[in-house]
Amino acid sequence: MAVRIAVLASGGGTNLQAIIDFIAARGALAAGRVVLVASNKQNAGALDRARTASIAAEVFDPSDDGSSLLSLLEQHGAGLVVLAGYLRRIPPKVIRAYHRRILNVHPGLLPEFGGAGMYGGKVHAAVIAAGVRSTGVTAHFVDDEFDRGPRIAEWRIPVMEDDTPESLATRVLRVEHIVYPRVVDMVAALNDSNYFADF
């Protein structure tokens, strides 16, 4: 039986769309299905993408101890939580309830280009300022610290001499759309066996 996936998003939802499209392409072979898209923002584009795909779209208040989010996840029977451009810290209460069942994708290599405040264009600007020759996409489990949970997969991407944060962001996002849905599917496939419980 397919694992029920809840996706949390704060923005436009391009990673959400990549996941929806990948699952649709896999059909009966997909290990999970998205049953909920939830956001902390009423106007998040991800909610429109969910409605277009006939997926429940909900807005929740992220300012409490996690009770409202946990209630929403339980209401929809979520077995796996996927962050797709969700920019708030996940409360410890939710992390405990979903130990090794919350995933995130980061637009840089961890731990070097992660941590509080490191997201989107800030990551790409920091990569270029550091003068490194490669960046990448990192998929990881979420724990109590920003971008410190165990890494699941990493894909390196070259940094070109003439790259700007914008040009680098475009190439990195393209790779996110390839890597992240496959990681979600893999973790969903292993989720029922508690494979990651002690990871």
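Answer yes or no: is there a residue in region 172-188 that is among the acidic types (Asp, Glu) and in contact with a Gly (Cβ under 6 Å, 6 or more places away or on another chain).
no
Yes/no matrix, rows are residues, columns are (1) outside any loop (DSSP other than H, G, I, E, B); (2) closer than 16 Å to ALA139 by Cβ; (3) in contact with a helix residue (DSSP H, G or I) (Cβ under 6 Å, 6 or more places away or on another chain); (4) at pLDDT 95 or above:
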| residue | (1), (2), (3), (4) |
| --- | --- |
| SER63 | no, no, no, no |
| ARG89 | no, no, no, no |
| GLY108 | no, yes, yes, yes |
| PRO111 | no, yes, no, no |
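I'd like to verify a number: residues in region 109-133 that are free of Cβ contacts under 8 Å to residues at least 40 places away in the same chain and either under 21 Å from GLY149 (Cβ atoms) or not charged (D, E, K, R) (or both), how many?
Of the residues in region 109-133, the ones free of Cβ contacts under 8 Å to residues at least 40 places away in the same chain are 111-119, 122-123, 126, 129-133.
From the residues that got through so far, the ones that are either under 21 Å from GLY149 (Cβ atoms) or not charged (D, E, K, R) (or both) too are 111-119, 122-123, 126, 129-132.
The total comes to 16.
Which count do you get for residues in region 49-63 that are touching a residue at least 24 places away in the same chain (Cβ under 8 Å) and either surrounded by fewer than 16 Cβ atoms within 10 Å (Cβ to Cβ) or under 17 Å from ILE5 (Cβ atoms) (or both)?
Step one: list which residues in region 49-63 are touching a residue at least 24 places away in the same chain (Cβ under 8 Å), which gives 49-50, 53, 55, 62.
In the following step, the residues that additionally are either surrounded by fewer than 16 Cβ atoms within 10 Å (Cβ to Cβ) or under 17 Å from ILE5 (Cβ atoms) (or both) were identified as 49-50, 53, 55.
Going through region 49-63 one residue at a time, the tally reaches 4.
Here is a list of conditions, (1) at positive phi; (2) without any contact (Cβ under 8 Å) to a residue 40 or more places away in the chain; (3) not polar (S, T, N, Q), and ASP147 meets all of them except one; can you say which number that is?
The number of the failed condition is (2).
The values are calculated or read from the model by the stated rules, or taken from the named source; none is laboratory data. Fair warning: this is a prediction, and the values are worked out from it, not measured in the lab. We place every Cβ from the backbone using ideal geometry, glycine too, and count neighbours over all the protein chains shown.
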